[in-house]
1. Return a yes/no flag: does the range 6-17 have any residue that is within 43 Å of the chain's Cα centre (by Cα) and either part of a helix (DSSP H, G or I) or at pLDDT 95 or above (or both).
2. Looking at Thr67, Thr92, Thr54, Thr77, which is the one that is without any contact (Cβ under 8 Å) to a residue 40 or more places away in the chain and not in a helix (DSSP H, G or I)?
Amino acid sequence: MLEGFRDILIVVLFFLLVVVIALLAVLILQVYQLVRMVRGEVAPILDSMKRTSTTVRGTAEFVGETTVIPLIRVVSTLAAAVRFVRAFLGLTNR
């Protein structure tokens, strides 16, 4: 009687082994397809990020050249003029 139970158990275990191997093959195939999809999506995203960073860099340079640098020059010129007038009139910072 135990021999029959053993034979049935061996058949069931073999069937389960076949199912597990098939599921593992499906999993490997799905991972492969996911990797291919991610590789295809990453390249356009990186290109978009490069274009965006170039645009931001250009915008920062433009703002710096047209707004910040002239503003610094005006403020520094006014500060120098105030120092000159104070020195000329003999006023001190107290």
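1. Yes, the range 6-17 has at least one match.
2. Thr92
The values are calculated or read from the model by the stated rules, or taken from the named source; none is laboratory data. What you see is a predicted model; the values in this text were computed from it and never measured. Methodologically, a virtual Cβ is constructed for each residue, glycine included, from the backbone with ideal geometry; neighbour enumeration extends over all protein chains shown.
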